[in-house]
Amino acid sequence: MPLLYTIGKLTVAPTLRLAFRPTVEGLEHIPETGGAIFAGNHLSVADELFLGTVVPRHLAFWAKSEYFKGTGVKGAFSKFVLTGLGAIPVERAGGRAALSAFDAAIPALRGGDLVAVYPEGTRSPDGRLYRGRTGAARLAVAAGVPIIPVGMIGTDKAQPIGARVPRPGKSKIIVRFGKPLDFTGRPDDRTSLREMTDELMSEIQKLTGQEYVPRYAPPRAHPPVGGEPPTEA
């Protein structure tokens, strides 16, 4: 586990547990060893904080590549923190550069690490669950690892869009883990990836009870740090 992530586990995680007392369900579905992808709904930037708090192992999140390339003291600090947390840089420009995120994630997953993605690609603007993008399924097939569905409830109230930090007492936080989905051996053509992604989103909806919207969430001007690998079908 990266050093800064370990420090966060010993400091930030206990603080969040004490302040918010999140309810966690389905921990038995988290493998003790081996690679896996955690794919969940995305309500708030606090999702990453609470997911990292309750998962006992290291979770690698996606982060915009700009955060690794900043200049000056602020840029150096950002790169130091994200590298120390084990984050995976994602190029927003698309094309071959964007797929470098996959190039980094696949050996990490095959080596036994855990990676978190958000199939909706951005935070839900209204609390509903939107159509998933196929990057998580493509990554699972390529790496040969299962996907663990994740349902987050209450994070949008604890830290709504625009809020700088989560606020205790605003909502009960619930984190639910579903049974792993094993897509090993499935083809990675466009139709198959779409079917797998729809299956994943159905499992996430069962965990959250959200209303499902069969279209992609509208893009935000400033996407959150964590997110979806930039591959679509």
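The values are calculated or read from the model by the stated rules, or taken from the named source; none is laboratory data. Keep in mind that this is a model prediction, so the values were computed, not measured. Glycine gets a Cβ as well: all are built from the backbone with ideal geometry, and neighbour counts include every protein chain shown. For accessibility, only protein heavy atoms count, side chains too; no ligands or nucleic acids. Shrake-Rupley method; radii C 1.70, N 1.55, O 1.52, S 1.80 Å.
When the stretch 11-35 is examined, which residues are found to be of a type outside the set (S, T, N, Q), loosely packed, with under 13 Cβ neighbours inside 10 Å and either modelled with pLDDT under 95 or within 26 Å of K179 (Cβ to Cβ) (or both)?
R21, L27, E28, E32
Which of the helices (runs of 4 or more DSSP H) contained wholly in the stretch 22-140 include at least 1 residues that are under 22 Å from A217 (Cβ atoms) and in contact (Cβ under 8 Å) with a residue 40 or more places away in the chain?
46-54, 95-98, 100-110
Please work out which residue is surrounded by the most Cβ atoms within 10 Å (Cβ to Cβ), limiting yourself to the stretch 160-195 and to residues that are at pLDDT 95 or above, under 22 Å from L18 (Cβ atoms) and under 19 Å from the mean Cα position of the chain (by Cα).
I173
When you go through (1) open to solvent by 10 Å² or more (accessible area, probe 1.4 Å); (2) at negative phi one by one for G121, which number turns out not to apply?
If we test G121 against (1) open to solvent by 10 Å² or more (accessible area, probe 1.4 Å); (2) at negative phi, just (2) comes out false.
Which of the residues spanning the stretch 174-219 are part of a helix (DSSP H, G or I), closer than 22 Å to V141 by Cα and of a type in the set (A, V, I, L, M)?
L193, M196, L200, M201, I204 - these are the residues of the stretch 174-219 that are part of a helix (DSSP H, G or I), closer than 22 Å to V141 by Cα and of a type in the set (A, V, I, L, M).
It is to be established whether one or more residues within the stretch 135-150 are under 18 Å from the mean Cα position of the chain (by Cα) and of a type in the set (K, R).
yes
Condition test on V54, is it at pLDDT below 95 and under 16 Å from the mean Cα position of the chain (by Cα)?
Criteria not met by V54.
So, of the residues in the stretch 143-159 that are open to solvent by less than 40 Å² (accessible area, probe 1.4 Å) and small (G, A, S), which turns out to be farthest from Q210 (Cα to Cα)?
By that ranking, first place goes to A143.
Could you please let me know if V213 is surrounded by 14 or more Cβ atoms within 10 Å (Cβ to Cβ) and modelled with pLDDT under 95?
Here the answer is no, as V213 does not meet what is asked.
Restricting the stretch 196-208 to residues that are in contact (Cβ under 8 Å) with a residue 24 or more places away in the chain and out of contact with any helix residue (DSSP H, G or I) (no Cβ under 7 Å at 6 or more places or on another chain), which is surrounded by the fewest Cβ atoms within 10 Å (Cβ to Cβ)?
Filtering the stretch 196-208 for residues that are in contact (Cβ under 8 Å) with a residue 24 or more places away in the chain and out of contact with any helix residue (DSSP H, G or I) (no Cβ under 7 Å at 6 or more places or on another chain), the one surrounded by the fewest Cβ atoms within 10 Å (Cβ to Cβ) comes out as K206.
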